[in-house]
Protein chains: 2
Amino acid sequence: MSPTALALDPAAQDLLFREAHTAHSFSDEPVTDEQVHAVYDLVKYAPTAYNQSPLRVTLLRTPEARGRLLPLLSEGNRAKTAEAPLTAILSVDLEFHQRLPELLPARPQLKDTVYADPDLRRAHGSFNATLQAGYFLLGVRAAGLAAGPMSGFDAEGVDKEFFGDGRQHALLVVNIGHPHADSYRPRNPRLPAEEAVTSL
Amino acid sequence: MSPTALALDPAAQDLLFREAHTAHSFSDEPVTDEQVHAVYDLVKYAPTAYNQSPLRVTLLRTPEARGRLLPLLSEGNRAKTAEAPLTAILSVDLEFHQRLPELLPARPQLKDTVYADPDLRRAHGSFNATLQAGYFLLGVRAAGLAAGPMSGFDAEGVDKEFFGDGRQHALLVVNIGHPHADSYRPRNPRLPAEEAVTSL
């Protein structure tokens, strides 16, 4: 199927997927709160189970906040994070059920039944916040920005340093900025659909 | 920030996010393998750690294959799945490391070092396949189709029934089809950016 056979127009396909890359450095141009809010206010419409919406985004705006994160990153992620225009911690709100009566008015009882169990909240919330992390990365691109997502960090350490009350658990750290000519590394190969998709 | 302040054009924003909804029923129009391949071949470019690309998509094409899934779904998900034009199981390939030398030619050694550990593979692979599941759901919309993702199923049962060799683990079941007038339920509220995004 050619790109034009999709309903999404080819320029949008390129912006979000084909021409987009993980960025390892950025231009000096800042990223505003308004831009990040626009990203979230777009991707918040994508689905989560029971409309849990458990993703939380913590922007490290001050040098002091960024400095608290750096030693908790794996060594290879420190220099580029120190220099990025903006760094965000994507986390799951482990108390997301407190908002359910408002987010899912048809089933307010879930807050005090199924989701009274903290282990279940952690499992379901982490899964759904990870779906939302995927939406968010594409949303960053939708804003004309580039993302540098990183899993290489001490998640327990980040939880303790930033979410000391145990209410949130860090899933992904993402550098965000405007790309420049040297932001990207060459594209690695991908599995073709013929290998990743099977029919029974 | 207005929708037009994003780089993604407003029609694409609507198609993927603002006007898109989880579908609970579909028109009779079939969904072809070609369409699903086009979805995968678009979203495969979105990022995973070390380019793991661990998501696998299993399309239940035959009535027999669909029939094996139905009793493993929670009761409320059975009738709509029996009637959907197409049902897919999204899973993580727990042996994704076998493909790493090809997917990440710069670091082929990861296959036999870090990812020799099956527990680490399961944790990292599930996280990254879940990011890809998020991309895939948006890709279904990019194809002009609607998705009905479901977490309500017996994952261990599905693994045993469909992935008996223990190589894959089911993450999400998704009905896919063309939406019609009664596909959607009214939109539930979302958290505004002011509540989900904080700055430090």
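Skipping prolines and chain starts, which residues have an amide H placed within reach, meaning under 5 Å, of the one on A:Ala147, given they are 5 or more residues away or on another chain?
Result for A:Ala147 returns A:Ala23.
Rounding to the nearest 20 debye, state how big the charge dipole of the range B:66-200 is about its Cα centre with +1 on each Lys and Arg Cβ and -1 on each Asp and Glu Cβ.
340 debye
Of all DSSP beta bridges in the protein assembly as shown, what percent run antiparallel (nearest 5)?
In the protein assembly as shown, approximately 85 percent of DSSP beta bridges are antiparallel ones.
Distances from B:Arg185 to the same residue in each other copy, label points 7 Å out along Cα→Cβ, in nm, shortest first?
Result for B:Arg185, in nm, nearest copy first: 4.3.
For chain B, set up a GNM with springs between Cα atoms under 10 Å and report which of B:Gly125, B:Gly164, B:Gly177 has the largest fluctuation.
Result: B:Gly164 has the largest fluctuation of those listed.
Determine the gain in length on full extension of the stretch B:Glu19-B:Glu95; use 0.36 nm per residue of separation and subtract their C-alpha separation, reporting nm with one decimal.
Additional length available on full extension: 23.6 nm.
Take the alpha carbon gyration tensor of chain A, find the square roots of its eigenvalues, order them as a ≥ b ≥ c, and report rounded if a/c is under 1.5; if not, report prolate when a/b exceeds b/c, else oblate.
Because a/c hits 1.5 or more and a/b fails to exceed b/c, chain A counts as oblate.
Please find, in a Gaussian network model of chain A (springs between Cα atoms separated by less than 10 Å), the residue of A:Thr58, A:Thr87, A:Thr130 whose mean-square fluctuation is greatest.
In this elastic network of chain A, the residue with the biggest mean-square fluctuation among A:Thr58, A:Thr87, A:Thr130 is A:Thr58.
One decimal, nm, shortest first: give the distances between the label point of B:Pro105 and those of the same position in the other copies, each label point 7 Å from Cα along Cα→Cβ.
With the label placed 7 Å along Cα→Cβ, B:Pro105 yields 5.6 nm.
Quick check: with the 1.4 Å probe, what order do A:Thr198, A:Thr22 take by accessible area, largest first?
Solvent-accessible surface, decreasing: A:Thr198, A:Thr22.
Given a Förster distance of 41 Å, report the FRET efficiency between A:Glu161 and B:Tyr184 from their Cβ-Cβ distance, rounded to the nearest 0.05. Each step should come with its number before you reach the end.
Working: r = 42 Å, r/R0 = 1.02.
After rounding to 0.05, the efficiency reads 0.45.
A:Lys111: which lysines have alpha carbons under 26 Å from its alpha carbon, excluding same-chain residues fewer than 8 sequence positions away?
A:Lys44, A:Lys160, B:Lys80
Please label the shape of the protein assembly as shown as rounded, prolate or oblate, based on the square roots a ≥ b ≥ c of the eigenvalues of the alpha-carbon gyration tensor (a/c under 1.5 means rounded; beyond that, a/b larger than b/c means prolate, else oblate).
rounded
For A:Asp117 and A:Glu29, compute 0.36 nm times the residue count separating them, minus their Cα-Cα distance, and round to one decimal in nm.
Net length gain for the segment: 27.2 nm.
Which loop GluC sites (Glu not before Pro) in the range B:1-78, with loop taken from DSSP, have no more than 15 other Cβ atoms within 10 angstrom of their Cβ? Walk me through the numbers on the way to the answer.
Working: sites: B:Glu19, B:Glu34, B:Glu64, B:Glu75; in loops: B:Glu19.
Sites meeting the loop and neighbour criteria: B:Glu19.
Nearest 500 deg cm²/dmol is fine: what mean residue ellipticity at 222 nm does the protein assembly as shown get from its DSSP H runs of n ≥ 4 alone, each adding -39,500 (n - 2.57), divided by its residue count?
The helix contribution divided over the protein assembly as shown gives -10000 deg cm²/dmol.
The values are calculated or read from the model by the stated rules, or taken from the named source; none is laboratory data. Bear in mind that the values here come from a model prediction, so they are computed numbers and not experimental data. Ideal geometry is used to build each Cβ from the backbone, glycine not excepted, and the neighbour counts take in all protein chains shown. Heads up: the accessible areas ignore ligands, DNA and RNA and are worked out on the full protein's heavy atoms, side chains in. Shrake-Rupley method; radii C 1.70, N 1.55, O 1.52, S 1.80 Å.
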